[in-house]
Structure formats: C-alpha cells, structure tokens
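The block underneath contains the structure these notes are about, expressed in structure tokens.
The values are calculated or read from the model by the stated rules, or taken from the named source; none is laboratory data. Values in this document were obtained by computation on a predicted structure and should not be read as measured data. Neighbour counts run over all protein chains shown; Cβ positions are idealised from the backbone, glycine included. Areas reflect the complete protein model, heavy atoms only, side chains present, ligands, DNA and RNA absent. Shrake-Rupley method; radii C 1.70, N 1.55, O 1.52, S 1.80 Å.
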Amino acid sequence: MSALQHVSLGAHYVVHLPRPDDFAFWRERARQLIQCDVPPDRVSWVEPGGTGDLFAFEGPSRGEKRLPVPGADAGEVRASKRFMRLARNASVHSDPERFSLLYRVLWRLQSKPGMMQDSVDTDVRRIEELDKEVRRDAHKMHAFVRFRLIEGNEVENEGQEHYVAWFEPDHHIVRREAGFFMRRFANMNWSILTPRGSIHWDGETMREGPSARREDAPAGDPVEALWKSYYASTFNPARLKVGAMLSEMPKKYWKNMPEAELIPQLIAGAQAREAGMVAAGTREVREMPSSLEAIAGGISACRDCPIAECGTRAVMGEGAPGSSLMIVGEQPGDQEDLAGRPFVGPAGQLLDVYLDKAGIDRGASYVTNAVKHFKFVSRGKRRIHQTPQAKEIDTCRWWLEAERKIVQPRVVLALGASAARAMLGRTVSLAKERGRPAPLEDGSELWITAHPSYLLRLDGEARAAQEELFARDLAAVRGRLFELAA
Ligand code: URA
C-alpha cells in the first residue's frame with residue numbers, strides 16, 4: 001500500500017512520546033508521517049502523563065494504528081535550519097499542543113519552504129514564543145540553582161561531599177541543561193531535583209532519576225553562607241530597580257536561594273547606601289568581597305563577559321592571604337580548567353622548574369590568573385587556547401583586585417602581557433618594562449616577566465635566550481623578596 005492510499009482511508013494515528021522532552025523521537029516520527037503524506041489533523045501526539053517524569057514511558061495502547069512506513073520512492077522532508085533551531089527548544093515547552101504545532105508547521109513547510117520568515121504567521125509566532133520561554137527558563141535554571149551540602153548520604157559516596165539543589169522549571173529542560181551543570185561543577189558530586197525529573201552527577205557519570213518533591217532536597221549548609229556573602233558583596237544599590245529585579249529574579253525562585261533572604265533588607269538599605277556612593281562621587285560601585293571564599297563564589301556566578309560561558313568552571317587563585325608574593329598568569333588553560341587549579345598544565349610545570357631554580361616557594365605564594373575562565377575554540381576533541389581580549393581582561397580585573405586586597409602581597413609577579421595589563425589597566429611593552437619593579441598604589445610593587453607558555457612555543461637558541469631572561473627576572477624577584485623580608 002502506498003503512503004497516499006493510507007491517507008485516503010482516513011486513518012488517524014496516535015504517537016506516544018516516550019518522554020516529554022524527546023525531540024529526536026518526535027523528529028523521526030514526524031519525518032515518517034510527512035513522507036507518508038499524513039496531514040496534521042490525522043495525527044495526535046501524546047506525551048507521558050502528569051508533569052512528565054523523565055522515565056514515565058507509556059507504550060502505544062492496544063488497538064492503535066501502527067504508523068505507516070514510507071515507500072522507497074518517498075521524498076526528502078524539508079525543514080529549514082531556523083525551524084529546526086526553534087523546534088528543538090519549543091519541543092521541551094510545557095504546552096501540551098507543542099508537538100502538534102511543530103508537526104503542523106513541518107507539514108506546511110513542505111509546500112511553503114520560506115514560511116518561517118513570515119513573522120505574522122500565527123504558527124510561526126507561537127513557535128517563536130515557545131522558544132523564547134524555554135530559553136528564559138534555561139537561563140533561570142543556570143542562574144538560580146543553589147546547591148546545599150549533604151554528607152555521605154549515599155552508600156557509594158560514603159564520606160564524600162554531595163551537593164543537592166531543588167529547582168522548579170516551567171518546562172521540560174532538566175535533561176537538556178544537564179551538560180551546563182556537568183561542565184560548571186565537573187568535580188563535584190551533585191544532584192538537581194525537580195518535579196520534572198532529577199539528574200545526578202558523580203564527577204564521571206550522569207544519571208537521570210524520577211521527579212522529586214521539595215522535601216527530598218535538604219535545606220541549610222555552609223554553601224548558603226557563601227552565596228549570601230557573595231550576594232551581599234555584589235549587590236549594588238546604585239543599580240537597584242525593583243521592577244527590573246523582580247522580572248529578572250522572580251519571587252517564585254526566592255525560596256530556593258539563600259541570598260534571597262537578604263533582599264528585603266538590602267532594598268531597605270539601598271537608598272542610604274546609594275546616597276553615600278553619590279556623595280563619594282562613585283557611579284557604579286560593587287563592594288569588594290571580604291574573603292577568598294566569597295571571591296570563589298563570585299567568579300563562579302560572574303557573567304560580566306562572554307568568557308564566563310566557556311570552559312568547565314571559573315578557576316580560583318590558590319594560596320593564603322598574607323602570602324608575600326602573588327603570581328598572576330593570563331587565564332586557566334585546558335588542564336587548569338579540568339582540574340580547577342591554576343598552573344597545573346605544561347606552562348605550570350615549566351613555571352615550577354624556574355621558581356625552584358630561583359628559590360621561590362610556590363606553596364608560600366598566591367598563584368592566580370588575570371582572567372578566571374578558559375577561553376578556547378574547539379577543534380575536534382581539542383580545545384585551543386584563545387588570548388583574552390583587552391576588554392575581557394579589564395572586566396575581570398575587578399576580581400584580581402579583590403584577591404589582591406585580601407592577600408596583600410608585597411610583590412606581584414605578572415607573567416606576560418595579559419597579566420601586566422590586568423595589573424596596570426593599560427597595554428604594557430614587556431621588552432621595556434620587564435625585570436624591574438613598578439610601584440603600586442598600595443605600596444607593593446609589580447614585576448613583569450614573560451609567560452612560560454611563550455617559552456614553550458620557542459625552541460633552539462631563541463628558547464635558551466628567553467629562558468635565561470626568565471630565570472634572571474625570577475632571581476631578581478627572589479632577591480627583592482629577601483630584601484623586603486629583612
Ligand atoms: N597559563 C596561565 O596563564 N595560567 C594558568 O593557570 C595556566 C596556563
């Protein structure tokens with residue numbers, strides 16, 4: 001029987017989706033039905049019941065028509081890139097009509113391939129709305145998931161720290177967004193529980209689980225203190241617009257966010273603080289975080305520049321407040337991004353060799369980077385380093401300054417031009433300014449030298465010459481630290 005004959009019998013098909021977010025399943029079935037010329041009014045799309053447990057698969061009911069199989073002569077199914085992009089998002093919207101809508105548009109695209117450009121078409125507008133609402137939901141999830149610490153609650157994780165977050169998405173985005181949290185919190189054991197299913201990460205494997213209730217997630221832990229101190233330290237009364245704030249951070253999320261407890265009191269105090277800032281002639285002031293822990297929380301949540309979306313996580317500096325030497329690199333590399341620690345890859349190993357030669361104890365220094373996220377482009381499986389732009393370095397300077405205020409080093413060693421820029425806020429000529437101290441406003445001093453990655457890119461005589469200069473600069477820093485300690 002050909003596809004057309006099938007339709008002429010007026011058969012009605014019911015497609016049961018195994019999961020409410022299974023776009024690939026919808027796409028396969030939709031393609032099959034289009035190839036068999038089945039019009040939209042002869043198909044019903046049924047998703048698993050309730051709020052959509054990730055595992056609640058319902059097979060086809062007995063007696064329902066099996067889907068027709070396209071003949072060998074079935075044509076290609078047309079779908080513009082724009083349709084596919086919007087459809088992928090729209091398919092996880094909670095609107096029960098979404099799969100019918102998508103199929104109707106796919107059907108119409110076969111005879112009107114340019115219809116996605118028709119901005120007054122009701123179907124097109126509806127897909128755009130669904131896409132927008134899903135993206136907004138994902139954005140909220142990225143911004144408002146808050147982990148709480150529980151210890152050794154699972155046999156396999158006995159003794160290990162486990163973080164659990166409760167979140168209530170409006171749409172079926174949980175599985176889709178798992179990758180974001182895996183990359184961002186790669187080294188943690190965590191679970192995100194939601195009424196639309198849960199996801200669990202143990203540092204290696206992602207597992208999915210059934211929907212959860214709010215009571216399944218714990219409340220209260222030290223992480224809350226960190227979020228609260230971060231939020232209070234970054235809250236800027238000069239920027240406060242209550243309406244905009246409520247639309248960006250709707251009240252429904254407040255109950256899951258430890259820092260939200262502070263909002264009423266911060267709003268109440270905002271006018272007075274803003275007046276203080278204006279009196280001090282300050283336009284946009286964020287209060288400096290008061291601890292390295294608050295900075296760690298702050299850089300993880302920071303989205304002030306596009307690099308923040310790159311890589312696995314923000315890499316915090318390493319070392320103790322009071323270290324007399326602060327070493328500043330450019331940005332974490334591939335290995336630093338994975339390990340969550342600065343200078344552990346090839347450049348870090350070379351740095352360690354030369355610090356050792358100069359007699360500088362890395363363990364007694366504070367080691368950090370000008371930019372806190374790894375900026376890269378993907379080539380196949382490789383992640384290739386990209387130099388941060390001046391404006392990205394300048395944006396991240398605020399965090400470096402915050403670290404410096406807490407660590408209070410007597411000497412800062414900037415490795416390479418990006419680090420030097422981050423310290424001085426201007427372009428620096430390494431050749432002219434390396435190897436001698438530059439006074440900083442707090443009485444400490446800055447020394448500039450080459451970046452070890454630069455040395456790694458050289459070979460032969462050029463490398464030997466640069467390594468000698470590098471060793472000389474480090475020896476000078478060591479000498480200066482001696483003098484200052486005397
Ligand atoms: N290069 C840097 O500048 N910093 C690191 O942490 C690693 C490589």
The condition from (1) within 30 Å of residue 472 (Cβ to Cβ); (2) open to solvent by 10 Å² or more (accessible area, probe 1.4 Å) that residue 293 misses is numbered (1)
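Which members of the stretch 319-339 meet the condition of being within 12 Å of the ligand (Cβ to nearest atom), more than 18 Å from residue 421 (Cα to Cα) and either buried (at least 19 other Cβ atoms within 10 Å of the Cβ) or among the aliphatic types (A, V, I, L, M) (or both)?
333, 336, 337, 338, 339
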Return yes when residue 429 is crowded, with 18+ Cβ neighbours inside 10 Å and not basic (Lys, Arg) and no when it is not. no
Verdict on residue 390 being at pLDDT below 95 and open to solvent by 70 Å² or more (accessible area, probe 1.4 Å): no
Provide a single number: the residues in the stretch 341-369 that are over 19 Å from residue 402 (Cα atoms), part of a loop (DSSP other than H, G, I, E, B), within 14 Å of the ligand (Cβ to nearest atom) and not small (Gly, Ala, Ser). 2
When restricted to 363, 348, the only residue open to solvent by 60 Å² or more (accessible area, probe 1.4 Å) and within 30 Å of the chain's Cα centre (by Cα) is 363
If a residue must be within 22 Å of the chain's Cα centre (by Cα) and open to solvent by 70 Å² or more (accessible area, probe 1.4 Å), how many such residues does the stretch 89-142 contain? 5
Filter the stretch 422-458 down to residues that are in contact with a Pro (Cβ under 9 Å, 6 or more places away or on another chain) and away from the ligand (no atom under 13 Å from the Cβ) and give me whichever is farthest from residue 410 (Cα to Cα). 447
Note on residue 312: of the conditions (1) more than 16 Å from the ligand (Cβ to nearest atom); (2) of a type in the set (Ser, Thr, Tyr); (3) part of a loop (DSSP other than H, G, I, E, B), unmet is (1)
Number of positions in the stretch 185-217 that are in a loop (DSSP other than H, G, I, E, B), open to solvent by 30 Å² or more (accessible area, probe 1.4 Å) and in contact with an Asp or Glu (Cβ under 9 Å, 6 or more places away or on another chain): 6
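Which members of the stretch 119-132 meet the condition of being out of contact with any Asp or Glu (no Cβ under 7 Å at 6 or more places or on another chain) and part of a helix (DSSP H, G or I)?
If we filter the stretch 119-132 for residues that are out of contact with any Asp or Glu (no Cβ under 7 Å at 6 or more places or on another chain), which is where we start, we get 119-123, 125-129, 131-132.
Hits for the stretch 119-132 are 122, 123, 125, 126, 127, 128, 129, 131, 132.
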